[in-house]
Amino acid sequence: MTMSDTLELLKDLIKRESVTPKDEGCQDELAARLVPLGFKEERLNFGDTQNIWLRRGEAKPLFVFLGHTDVVPTGPLDAWLSPPFEPSLRDGRLYGRGTADMKGGIAAFMTAVERFVAKHPDHRGSIAVMMTSDEEGIATHGVVKVVEVLEQRNEKIDWCLVGEPSSDKKIGDVIRVGRRGSLCAKLSVAGIQGHVAYPDLAENPIHTFAPALKELTEEVWDHGNAFFPPTSLQVSNINAGTGAENIIPGSLEIQFNLRFCTELDETTIKQRTQAILDKHGLKYDLQWRLSGNPFLTEKGALIDAAHKAIKTVTGFETLDDTGGGTSDGRFIAPTGAQVIELGPLNESIHKVNENIGIEDLEVLSRIYEQILINLLVSV
């Protein structure tokens, strides 16, 4: 097997228009490659989401590669230099939707597994691949549901590597050892609609909410810690009014998000937010959605194996980090597993003309293979 197999697999995956929550046969292809190598295939589909669990062996420890076959929408097609679902090679890079997030990571760990099993058929422990088509959406029927099934039958993951695009300037320079939590809020503030010429007969919810908004955005939620930056509240949407310039709106809709560290929890955030709103005497309705709690993987076998593998393959030391958004690792960490994210460069993810370096694919696949060696062969 050569590294061109990684590129060819990635090209085939890119051709599949698996905009979330679609899979478009990606998981079928992965199963077709792994089942002949001794992996047991299990489909764990929920709702419109495709999930697959492929495991080789029954012994402990269990190492899992975790990924998602769905991709975000393309955005304006005329902004792409080549069609997003027609993989295009230019100047040593492969262009297409999902090349970096995260079909590149999938292709790299698939060929790493294939090479590893060929060389070490009697490796210790077990290897599994978990895939979902519901990561780029609201993630309600994906990994979170698969984990519930595994937990019900006490099938415990020891080490989980998420192939999300974690690298910054070069492959392997950053690994994510944790992530901040994400708490979403939808706030409705009630007012009284009226004519702008008669404000005494109306109540403008924009005006009444403005002081509370200032306080919410200036609130020092915490000071972060050695692993995470301070918690941040960001407003993402504000909507009010009828579109007419002479009507005071009768209601205001606001959406905001808190990316919070391990210094805070969901309950505390809700209590402090509601205290601020109540302080300003607002008539409001507040709906919350927890996207995920923060998690942190302490130094241990998985992080050590990743550091050694990156050093072996690239010659440089990697940096442990907890930045970025959320990932499906947030559903694995609460089970007690060690979780890291290691994958392609993140510079082009979710953008038009998303791409990955062809050499990067080779390096990443070699790193993945070396991690397996460090954990399941070397003792």
> Out of region 320-358, which residues are in a helix (DSSP H, G or I) and open to solvent by less than 10 Å² (accessible area, probe 1.4 Å)?
Replying inline: G329, I332
>> Suppose the filter is in a loop (DSSP other than H, G, I, E, B) and either on the phi > 0 side of the Ramachandran plot or open to solvent by 50 Å² or more (accessible area, probe 1.4 Å) (or both); does E41 pass it?
In response: no
>> Quick check on P61: is it under 18 Å from the mean Cα position of the chain (by Cα), open to solvent by 10 Å² or more (accessible area, probe 1.4 Å) and not β-branched (V, I, T)?
In response: no
>> Can you pull out every residue in region 199-221 that is in a loop (DSSP other than H, G, I, E, B) and surrounded by fewer than 16 Cβ atoms within 10 Å (Cβ to Cβ)?
In response: E219, V220
> Which residues, taken from region 120-135, are assigned to a loop (DSSP other than H, G, I, E, B) and either within 21 Å of the chain's Cα centre (by Cα) or buried (at least 24 other Cβ atoms within 10 Å of the Cβ) (or both)?
Replying inline: S133, D134, E135
> Which of the residues belonging to region 1-21 are touching a residue at least 40 places away in the same chain (Cβ under 8 Å), part of a loop (DSSP other than H, G, I, E, B) and either on the phi > 0 side of the Ramachandran plot or open to solvent by 10 Å² or more (accessible area, probe 1.4 Å) (or both)?
Replying inline: M1, M3, K15, R16, E17, T20, P21
> What residue, among those in region 262-293 that are open to solvent by 30 Å² or more (accessible area, probe 1.4 Å) and within 16 Å of the chain's Cα centre (by Cα), is nearest to T231 (Cα to Cα)?
Replying inline: N293
> Mind checking which residues of region 229-261 are in contact with a strand residue (DSSP E or B) (Cβ under 6 Å, 6 or more places away or on another chain), open to solvent by 60 Å² or more (accessible area, probe 1.4 Å) and either among the β-branched types (V, I, T) or assigned to a helix (DSSP H, G or I) (or both)?
Replying inline: I238
> Which condition does E24 not pass, out of (1) of a type outside the set (S, T, Y); (2) over 14 Å from M102 (Cα atoms); (3) open to solvent by 10 Å² or more (accessible area, probe 1.4 Å); (4) assigned to a helix (DSSP H, G or I), if it passes all the others?
Replying inline: (4)
>> I'd like the full set of residues that are free of Cβ contacts under 8 Å to residues at least 24 places away in the same chain and either open to solvent by 60 Å² or more (accessible area, probe 1.4 Å) or part of a strand (DSSP E or B) (or both), limited to region 305-319.
In response: K311, E317
> Can you find even one residue in region 148-169 that is in contact (Cβ under 8 Å) with a residue 60 or more places away in the chain, under 20 Å from the mean Cα position of the chain (by Cα), within 17 Å of E347 (Cα to Cα) and open to solvent by 40 Å² or more (accessible area, probe 1.4 Å)?
Replying inline: yes
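The values are calculated or read from the model by the stated rules, or taken from the named source; none is laboratory data. No experiment lies behind these values; they were computed from the predicted model shown. Positions of Cβ are backbone-derived with ideal geometry, glycine not excepted, and every protein chain shown enters the neighbour counts. Please note that ligands, DNA and RNA were not included when accessible areas were found on the heavy atoms of the full protein model with its side chains. Shrake-Rupley method; radii C 1.70, N 1.55, O 1.52, S 1.80 Å.
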